[in-house]
1. Name every residue in region 154-199 that is at pLDDT 80 or above and acidic (Asp, Glu), in order of residue number.
2. Go through (1) modelled with pLDDT of 85 or more; (2) over 19 Å from LEU187 (Cβ atoms) one by one and return the number of the condition SER14 breaks.
3. Of all the residues that make up region 56-81, how many are out of contact with any Pro (no Cβ under 7 Å at 6 or more places or on another chain), at pLDDT 75 or above and under 22 Å from ILE137 (Cβ atoms)?
4. Here's a check for you: in region 1-58, which residue that is in a helix (DSSP H, G or I) and among the charged types (D, E, K, R) is surrounded by the fewest Cβ atoms within 10 Å (Cβ to Cβ)?
5. Please pick out the residue among ALA127, ALA132, ALA114 that is at pLDDT below 70 and surrounded by 17 or more Cβ atoms within 10 Å (Cβ to Cβ).
Amino acid sequence: MNFFEIILLCVALSMDCFTICLIYGAQRSAYRQQLRAGERDPFRPIGTDILRIGIVFIAYHLVMLALGYTLGYGVLRYIDVFDHWIAFGLLAAIGLKMVWEAFENKDRKTEIHALYAWSSLLLLGLATSIDAFAVGISLSLSQSSLAFTCLCIPFVLLFFTALGILLGLRVKRISIRAVNVIGGLVLLGIGLRILLEHEYGFSL
C-alpha cells in the first residue's frame, strides 16, 4: 500500500469512532442546555475527554493491528467465525442500555454514560477496533508497513475523535432523552452493519 492508501485505511477505521464521539458531544450539549442558572457542568473539560477517549481508541486499534499483522492469516479462519458477533453484542448491549436509561428517572449526570464511564468506553474501544485485526492481517499479506500505519492511526483517530465531539457539541435544542435514544439506536445500527457485512457481505 502507498501513503494515500494507508491514510484512507486509517480514515475508514476511524468512522465508527467518529460516530460514537458525535453522540457523546451531543449528549454533553443536551446536558449543558438543561443546567439551571448558576449550576456548573460537573464533567471534565472537553479537551480532557477528547484525549481520554482518543487514547483508549488508539490503544485498542494499535494492539489489534499489531496482533493481526503478527498472527497472520492462519488465525483469521478461527477469529472470523465469531469476531463480528462480539462487536455486535457489545455495541447492541451498550446501545440498548442507553435507550433503556433514557426512559428511567435518574439523576441527569448518570444519563451521560456511553463514553463517560470507563466500563462503557473500554467496551466501545474493543468493539470498534475488531476490524483493525483483519486490517493487520491484510497489511501482513500485502507486505505493507505496519510501522507507518501505526504511526498514522493515532493522528487520524485523535482528529476524528475531536471532530466528532466538537460537532456533537454544536447540536442545539435537543433533550438528553432524545440524544440517548438516537445514540443507542445508532450504536445498535453500527453493530448490525458489522454483523451483516461479515455474515452476508452486505455493505453500506
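1. Across region 154-199, the qualifying residue is only GLU197.
2. Unmet condition: (2).
3. Of all residues in region 56-81, those out of contact with any Pro (no Cβ under 7 Å at 6 or more places or on another chain) come to 56-57, 59-81.
Narrowing the set further to residues that are at pLDDT 75 or above leaves 56-57, 59-71.
Then drop every residue that is not under 22 Å from ILE137 (Cβ atoms), which leaves 57, 59-71.
Residues in region 56-81 being out of contact with any Pro (no Cβ under 7 Å at 6 or more places or on another chain), at pLDDT 75 or above and under 22 Å from ILE137 (Cβ atoms): 14 in total.
4. First, the residues of region 1-58 that are in a helix (DSSP H, G or I): 3-33, 46-58.
Checking which are among the charged types (D, E, K, R) leaves us with 5, 16, 28, 32, 49, 52.
Details: GLU5: 11, ASP16: 24, ARG28: 23, ARG32: 13, ASP49: 21, ARG52: 16.
Per the stated criteria, the residue is GLU5.
5. Working: ALA127 fails: at pLDDT below 70; ALA132 fails: at pLDDT below 70.
Matching residue, one of ALA127, ALA132, ALA114: ALA114.
The values are calculated or read from the model by the stated rules, or taken from the named source; none is laboratory data. Being a predicted model, the structure only gives us computed values, none of them experimental. Cβ sites come from the backbone with ideal geometry, for glycine too, and all protein chains shown count toward neighbours.
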